[in-house]
1. Among Lys182, Lys97, what's the order by accessible area (1.4 angstrom probe), most exposed first?
2. For a quick check: with amide H placed at 1.01 Å from N, whose amide H comes under 5 Å from Ala125's, ignoring anything fewer than 5 positions away on the same chain?
3. Hey, what do the phi angles of the range 61-78 turn into as Karplus ³J(HN,Hα) couplings, whole Hz, using 6.51/-1.76/1.60 and θ = phi - 60°, x for Gly and Pro?
4. Amide H of Ala166 versus every other amide H placed in the peptide plane: which residues, excluding those fewer than 5 positions away on the same chain, fall under 5 Å?
5. From largest accessible area down, sort Tyr184, Tyr179; use a 1.4 Å probe on the protein chains.
6. Using amide H atoms built 1.01 Å from N in the peptide plane, name the residues 5+ places from Val62, or on other chains, whose amide H lies under 5 Å from its own.
7. Relative contact order (percent) for the range 99-181, with alpha-carbon contacts under 8 angstrom and 6 or more residues of separation?
8. If I take R0 = 45 Å and measure r between the Cβ atoms of Asp133 and Asp78 in this structure, what FRET efficiency does the formula 1/(1 + (r/R0)^6) give, to the nearest 0.05?
Amino acid sequence: MRRRTFGRTAGTGVLAAAAVTALVTGCGIRTTSVPVDAGAAPSRVPCSVTGENTSASAAQGVPVRVFLLCGSQLDAVDRRAPLPEEKAGGDPVVTAKGLLAQLLDDPSDDERQAGFTSAVRGPLAVGAGRKGDPAGTLRLSRQPEDLTPVALSQLVCTFSASSAGAGDHTVLLGGPGAYAPKRYRCTTELRERPESVPPTATPGVPVATSTG
């Protein structure tokens, strides 16, 4: 009787296993003992350019650094601008014009593949300050406040990191109107959140110290 009971139990187990297999097969799921390779996990945008900008406007010139948008932050990109080398480091207005041209230029193929874009749009020009402005003032053809926050953040960080800046990671910017220029500062917080308004201070008054 024990053998007969064992046989019935074993038979019942086989039938149950077969039923489960049929149920799984009926649901369209194939059983396999081989691990399935689902491919590599999606990678983040690199935000790093390995090659140089090879556009016609950057084929020759001096090394410059501009801040572009990558993801939700600003990152520095090295380029070559067609600036006279003897003026690029000494004339703030010439430097600012060259940097603005770089920001208005479309990102190179390498930069696009790395995830870089620019929010700076034309028409937009930059020139020297007018009579009565503090030394080192740059005047834009549009009021800085009329630009998008990201575009203004790009300009502030790019200018302030060059000889066009007013020192201490700041730049004096004004517009075409009668409004007085403002001292804008590029901070770590601004680079991390370029959609926020760049911090300002009255020209001649130091901006509160911040990392960056």
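The values are calculated or read from the model by the stated rules, or taken from the named source; none is laboratory data. These numbers come from a predicted model, not from an experiment. As a convention, Cβ positions derive from the backbone with ideal geometry for all residues, glycine included, and neighbour counts pool all protein chains shown. Areas reflect the complete protein model, heavy atoms only, side chains present, ligands, DNA and RNA absent. Shrake-Rupley method; radii C 1.70, N 1.55, O 1.52, S 1.80 Å.
1. Heavy-atom accessible area, descending, gives Lys97, Lys182.
2. For Ala125, whose amide H was placed from the backbone, the distant partners under 5 Å are Ser141, Arg142.
3. x, 9, x, 9, 10, 10, 9, 10, 8, 9, x, 10, 10, 9, 10, 7, 10, 8
4. Val171, Leu172
5. On the way: Tyr184 5, Tyr179 155 Å².
I get Tyr179, Tyr184, largest accessible area first.
6. When sequence neighbours closer than 5 places are left aside, the close amide H contacts are Ala81, Leu83.
7. 27 percent
8. Taking R0 as 45 Å, the efficiency between Asp133 and Asp78 is 0.90.
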